[in-house]
1. Would you confirm, using the coordinates I've provided, whether Tyr308 is open to solvent by less than 50 Å² (accessible area, probe 1.4 Å), more than 16 Å from Leu359 (Cα to Cα) and more than 17 Å from the chain's Cα centre (by Cα)?
2. Going through Trp225, Trp234 one at a time, which residue ends up being surrounded by 15 or more Cβ atoms within 10 Å (Cβ to Cβ), at pLDDT 95 or above and in a loop (DSSP other than H, G, I, E, B)?
3. All but one of (1) open to solvent by less than 10 Å² (accessible area, probe 1.4 Å); (2) farther than 30 Å from Thr178 by Cβ hold for Arg137; state the number of the condition that does not hold.
4. Please specify each residue of segment 30-64 satisfying the condition of being among the small types (Gly, Ala, Ser) and open to solvent by less than 30 Å² (accessible area, probe 1.4 Å).
5. Free of Cβ contacts under 8 Å to residues at least 24 places away in the same chain, open to solvent by 10 Å² or more (accessible area, probe 1.4 Å) and either small (Gly, Ala, Ser) or outside any loop (DSSP other than H, G, I, E, B) (or both) - does that describe any residue in segment 185-204?
6. When you check Thr242 against the structure, is it open to solvent by less than 50 Å² (accessible area, probe 1.4 Å), among the hydroxyl-bearing types (Ser, Thr, Tyr), over 18 Å from Thr377 (Cβ atoms) and more than 20 Å from the chain's Cα centre (by Cα), yes or no?
7. Which one is modelled with the lowest pLDDT, of the residues in segment 146-161 that are open to solvent by 60 Å² or more (accessible area, probe 1.4 Å) and closer than 20 Å to Leu125 by Cβ?
8. Considering only segment 245-262, state which residues are over 26 Å from Thr193 (Cβ atoms), touching a residue at least 60 places away in the same chain (Cβ under 8 Å) and open to solvent by 40 Å² or more (accessible area, probe 1.4 Å).
Amino acid sequence: MKRKWVRYLLLIPALLVVLVVLSAASNVFFPRSSKLVDRLSAEEKARAAEVIHLRQELGNEVWPGFGDAAIPLVLYNEAYAFLLNYEGEPPIGWALPRSGEQQGTAWEPVPGEEFLGGPYYRQRLVGDVTPQAFCVRLGDQWAASMTTYEWSRVRLAQLMKEELPSWLSPVVPFFLVTRLYIGDTDKYVSALTHESFHAFVGLESERRLIQAEEAARRLEESYPWEDEANIAGWQTELELLTRAVRASSREETVDLVGQFLTARAERRENNRLATRLMDYEQRREWLEGLAKYVELEAWRQGATAPDYSAHPAAAELSDFHGYEGFETAWAREVDQITRTAEDSGDTRFYYSGMAQATLLDRLMPGWKEGALTGGTTLEGLLAAAIDA
């Protein structure tokens, strides 16, 4: 028996060598650029088609009016931005909601190409100017914007190589690591639906969208991200929200929501949080938390709607699974809520806002009416829900 264990132990270095060799070999075939740069591949078109199809078929179940809205898509890679699902002649460039800055140049039809039976457009990117992952304004229209799936993975690998020690970079399996981080087509579709909801908010309540972005621009650097007392308070709030999301009865949910609201008030009072910073928290939860909620709710609808069929082009993709992984993804996202307390950035607002929206589904049917345009906060709606 002892000799067997010795033999097994001696095999470990050999196995490690084999794994290193296989990892290095996989990196030889990992792309260093997009397969197609000046036009969209069939796979990228299929993903975009599914984003539009999912929203049009199930979007009104996710949020009233979301499925009926006309929302173009702006996708970009390392060299070009592409405009899809846009009716009429597109205006020059795009405008960023946070700064109002006009960027880009004229759009041109992609020669010899079409998307969903019509033209789509492109423009060459200059320098490091991109539409970014959010939403942009095209004249009087709002569009969702994000990197293409392929460029997302290539760019992530590039960034990792820049950060890793030179001796480690060749043996990190970037094909696997980027797939784990970026996910499959199901996750990409839900992420672009997140950005599509930002565009919908722009259509429904442009003023509040811009105010939320302005709050981030003005106050992000002055928020006490590293303050230990503030972090501890956030940890308590996020734990209560997580327990409330997992609660099995309305009574338990109401009790935990009440505790959350009390803990939030105490954190702000004990840390003497300025009113403008409370407003910052509320606006970011409203903007990013609701988009995170829509991202996951659209995924859930795709997985559970009995008569839903994905766009035929997307159904042919090898990494599209018909949203069947939603339950696993949902459990992972709920687990993530409490892990964001120490993040030096607004990721916590994505998750705290998403959790509050999920709880409002349970406690206040019809809460979405006026939630975009009425000037209310998610915590204010929760307070009204448990007092009703």
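1. yes
2. Numbers: Trp234 fails: in a loop (DSSP other than H, G, I, E, B).
Only one candidate passes the filter, namely Trp225.
3. For Arg137, the exception is condition (1).
4. Taking segment 30-64 as the starting set, the residues that turn out to be among the small types (Gly, Ala, Ser) are 33-34, 41-42, 46, 48-49, 59.
Scanning segment 30-64 gives Ser34, Ser41, Ala46, Ala48, Ala49, Gly59.
5. No - not one qualifying residue is present in segment 185-204.
6. no
7. The extreme case among them is Leu159.
8. Answer for segment 245-262, where residues must be over 26 Å from Thr193 (Cβ atoms), touching a residue at least 60 places away in the same chain (Cβ under 8 Å) and open to solvent by 40 Å² or more (accessible area, probe 1.4 Å): Arg250, Val254.
The values are calculated or read from the model by the stated rules, or taken from the named source; none is laboratory data. Quantities reported herein were computed from a predicted structural model and do not represent experimental measurements. All Cβ positions, even for glycine, are placed from backbone atoms using ideal geometry, and neighbour counts span all protein chains on display. Surface accessibility is based on the protein's heavy atoms, side chains included, excluding ligands, DNA and RNA. Shrake-Rupley method; radii C 1.70, N 1.55, O 1.52, S 1.80 Å.
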